[in-house]
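Student: Take a look at the following structure, please.
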Amino acid sequence: MQHFDVLIVGGGMAGATAAVTIKKQLPDSRIAVIEAFEPKTAHHPSFDDRSLALAEQSVSYLRTLGLFDPHWDFAEPITQVHVSDRGHFGKTTITCDEFAVEALGYVVEVNPYGAYLHQQLSKLDIALYCPAKITRLHQQQTQVDVELDSGETLSGKLLVVADGAQSPTRSKLNIGFDSVAYEQGALIANVQISDKHQGQAFERFTEHGPMALLPMSNNRYSLVWCMPQQDLDMLRESDEAEFLARLQSAFGYRAGMFERVGRRTSYPLVLGRVEQLVHHRCVLIGNAAHAIHPIAGQGFNLGLRDIQALVAQLQQTDREQWGSHAFTQSYKTARESDINRVMTLTDSLVRLFSNDSRMLALGRSCGLLSMSLFSQLKAPLARQLMGRTL
């Protein structure tokens, strides 16, 4: 049996980032990552590469560890965010200059960034078991033992569950996931525009749901378009000309003319979290722990703050006590308020802006207009976008 300090289940964005971050800050720790799917060995740039938003706080944290470079060709800065409410007069713009930062955040493409993280796993001497799945899991008093489908057995003082929203490991631990479905889904696609985006991002609220455009390299936008499921199915299957026409009609011309759309995918939207954030010698992070609406692009950033709290707890705790009851309870306490805050805020935004009440619409417009007139009123929204929790 191979023995480690930390076993991480899941080698995707959350799991790989957790492994590299822990090793960077605790170089003598013994870490193993168990990942079910073989990663791509080489990246071939594609128009359809999926992306994620890194808030300013996330970027700052990753840069201190040497895990982010603003000059990467797969990273694009967000220099301003336009927020508007379709059919109503309220709108506001948040710029990086107003808050004295070089960017409000960055949009990074998942494929090349994931490949970079997996290169770091190898460079940092982190054991990677891939492709591999856990077939049996046994929680003992001082360690967690796992058996892989290869027949190998591993043990660790702490098991970090980071294997995504449908987490098989969560099921093995008999941890429930409480969720409420929204009456809408999200359509994801990359689109190309006629003009340069100049680092502008857009958050547009419509009567059917919010839509966001995040700037990407090569004059592309990452589109997240939320809508009722029946509309989503139709738009996902429509031809390119019809899709672009409907997108232009729904969004308007603030970003220019939409000229091309790539592969379209969709998924249902839910608000959810685990019944237990921790278990005996186990902690859950990222999408395995919580699911939020993509309205403010906070999903991965929330998971990254899980990782920050976990690393801080490891640094503050004697090595022999990693994974102990006191350790896992301290992690739970450190994360609960932030998770509650972000889930409540994103859910409130969805319900506030997906409501056709005239009084609410007037209130929304007045609020957005006030932000545009008085910069100090933007600060709470800007802090949220930048991932600043205080």
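The values are calculated or read from the model by the stated rules, or taken from the named source; none is laboratory data. These figures come from a predicted structure and were not determined experimentally. Every residue, glycine as well, gets a Cβ built from its backbone with ideal geometry; the counts of neighbours run over all protein chains shown. The accessibility values were calculated without ligands, DNA or RNA, using every heavy atom of the protein model including side chains. Shrake-Rupley method; radii C 1.70, N 1.55, O 1.52, S 1.80 Å.
Student: Among the numbered criteria (1) in the same structural domain as Glu237 (by the TED database); (2) of a type outside the set (S, T, N, Q); (3) in contact with a Phe, Trp or Tyr (Cβ under 6 Å, 6 or more places away or on another chain), which single criterion is violated by Arg263?
Tutor: The single condition Arg263 does not satisfy is (3).
Student: While we're on this one: Could you check segment 285-324 and list, in sequence order, the residues that are under 22 Å from Leu104 (Cα atoms) and among the β-branched types (Val, Ile, Thr)?
Tutor: Selection gives Ile292, Ile295, Ile307.
Student: If you don't mind, another one. Does at least one position in segment 123-133 carry a residue that is part of a helix (DSSP H, G or I) and either open to solvent by 20 Å² or more (accessible area, probe 1.4 Å) or in contact (Cβ under 8 Å) with a residue 40 or more places away in the chain (or both)?
Tutor: For segment 123-133, residues part of a helix (DSSP H, G or I) and either open to solvent by 20 Å² or more (accessible area, probe 1.4 Å) or in contact (Cβ under 8 Å) with a residue 40 or more places away in the chain (or both): present.
Student: May I ask you to verify whether Lys157 is in contact with a helix residue (DSSP H, G or I) (Cβ under 9 Å, 6 or more places away or on another chain), of a type outside the set (Phe, Trp, Tyr) and open to solvent by 40 Å² or more (accessible area, probe 1.4 Å)?
Tutor: So Lys157 fails the test.
Student: Residues Gln200, Gln120: which one is more than 24 Å from Phe327 (Cα to Cα) and outside the structural domain of Val6 (by the TED database)?
Tutor: Gln200
Student: Do we find that Asp145 is part of a strand (DSSP E or B), modelled with pLDDT of 90 or more and not hydrophobic (A, V, I, L, M, F, W, C) in this structure?
Tutor: Judged against the criteria, Asp145 is a match.
Student: State which residue is surrounded by the most Cβ atoms within 10 Å (Cβ to Cβ) when the search covers only segment 99-122 and only residues that are assigned to a helix (DSSP H, G or I) and hydrophobic (A, V, I, L, M, F, W, C).
Tutor: Taking the candidates together, the pick is Leu121.
Student: Does Ser29 meet the test of being among the polar types (S, T, N, Q), open to solvent by less than 40 Å² (accessible area, probe 1.4 Å) and farther than 22 Å from Val107 by Cβ?
Tutor: The answer is yes for Ser29.
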